[in-house]
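The values are calculated or read from the model by the stated rules, or taken from the named source; none is laboratory data. Since the structure is predicted, the reported quantities are computational estimates derived from the model, not experimental observations. Reconstructed Cβ throughout: ideal geometry from the backbone, glycine too, with neighbour counts over all protein chains shown. The accessibility values were calculated without ligands, DNA or RNA, using every heavy atom of the protein model including side chains. Shrake-Rupley method; radii C 1.70, N 1.55, O 1.52, S 1.80 Å.
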Amino acid sequence: MTASVLVCGSMAFDTIAVFEGRFKEHMLPDRIQSLSVSFLVPKMRKEFGGCAGNIAYNLKLLGGQPVPVATVGEDATDYLERFRTLQIDTSRLRVMPGTFTAQCFITTDLDDNQIAAFHPGAMELSAQNDLTGATAAWAIVAPDSKAGMFAHAERLHAAGIPFVFDLGQAMPLFDGADLDRMLGLAQVLTVNDYEAGIVEQRTGRSMAQIASQLQAVVVTRGAEGSTLLTDGATMQVPPVQAAAVVDPTGCGDSHRAGLLYGLTQGWSWLDSCRLANVMGSIKIASRGPQNHAPSRGEIDAQLRAAYGIGLPA
């Protein structure tokens, strides 16, 4: 039986609207100090999102056993029902009375400019979602409230559950001391190329130096694949050609799911990173973070075609 993974992070709704014009044509530079504009948005969609939600969704596609750990608001009924329908364990999702689920409202124009507003809602209370007593083979601490990320990290460390620290969108919240503290609790660091540079700058340590004190560091590089640092060695993991490049939203979360699934199967770091690259390439060909729905057989076929390895039966 596949071992469970505690997926700590945010769950959110993304409401995305399209303005069929250009913002710059409606914003007068000499009136910017008293800005008041309104846009008609005939196209709009609502997406299920948040790092914990996205990672859990992708882990389930692989046949994993994700246990998302997140706080949601009273408006999360359809999200919870979606996960139950997908047979994703919702026992660690806590509904916080009197709050909304975290949500981002995004309006884009024809030039792909964006105006966004983010409401953290129940996410700000994530530290109150105590996972003490939980068991798992692996865990991940993905972007969430800063207090929640530290609370989960401390509890996982105390329980002896190895976890991946995924900095992601939480990067502005962590200074050098915060990063050192979190890295002292984690077993793995995952970052993209830009985040890696920020971590090096804020900690005064290179990725190689950080990796020497962890089991591994994984740096994603988009279309260039990823870099794995483990056991004193640095390996480049070649990319997987995507069928189409449609939307990068959630690609990092898909990548983390592949990595975690490989680790729960006892795979090597290299093969786990290879599966992670495949999952990222599948996601980028679909709009929205949870609308891709490949079968496990289709994922297996892409993994075999790209790297000559397959998913367990």
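Quick rundown of the values:
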{"item": "Restricting segment 59-68 to residues that are in contact with a strand residue (DSSP E or B) (Cβ under 9 Å, 6 or more places away or on another chain) and in a helix (DSSP H, G or I), the residue that is least open to solvent (accessible area, probe 1.4 Å)", "result": "Leu59"}
{"item": "Subset of segment 264-287 [more than 15 Å from Leu228 (Cβ to Cβ) and surrounded by fewer than 19 Cβ atoms within 10 Å (Cβ to Cβ)]", "result": "Gln265, Gly266, Ala285, Arg287"}
{"item": "Residue tally, condition assigned to a helix (DSSP H, G or I), of a type in the set (A, V, I, L, M) and out of contact with any helix residue (DSSP H, G or I) (no Cβ under 6 Å at 6 or more places or on another chain), over segment 112-152", "result": "4"}
{"item": "Top-ranked residue of segment 1-20 - restricted to ones that are open to solvent by 10 Å² or more (accessible area, probe 1.4 Å) and part of a loop (DSSP other than H, G, I, E, B), ranked as modelled with the lowest pLDDT", "result": "Met1"}
{"item": "Options Val199, Val191; residue that is outside any helix (DSSP H, G or I) and open to solvent by less than 10 Å² (accessible area, probe 1.4 Å)", "result": "Val191"}
{"item": "Which numbered condition Gly258 fails, given (1) under 28 Å from Thr135 (Cβ atoms); (2) part of a loop (DSSP other than H, G, I, E, B); (3) among the small types (Gly, Ala, Ser)", "result": "(2)"}
{"item": "Every pair of residues 6+ apart whose Cβ atoms lie under 6 Å, when the first sits in segment 165-189 and is of a type in the set (Gly, Ala, Ser) while the second is open to solvent by 10 Å² or more (accessible area, probe 1.4 Å) and part of a helix (DSSP H, G or I)", "result": "Gly176/Arg202; Gly176/Thr203"}
{"item": "Residue within segment 218-226 that is hydrophobic (A, V, I, L, M, F, W, C), modelled with pLDDT under 95 and within 20 Å of Cys273 (Cα to Cα) present", "result": "yes"}
{"item": "Answer residue from segment 158-168, given it is buried (at least 16 other Cβ atoms within 10 Å of the Cβ) and in a helix (DSSP H, G or I) and is modelled with the highest pLDDT among those", "result": "Ala159"}
{"item": "Candidates Thr71, Thr99, Thr107, filtered to the one that is at pLDDT 95 or above, within 22 Å of Phe13 (Cβ to Cβ), open to solvent by 20 Å² or more (accessible area, probe 1.4 Å) and not in a helix (DSSP H, G or I)", "result": "Thr99"}
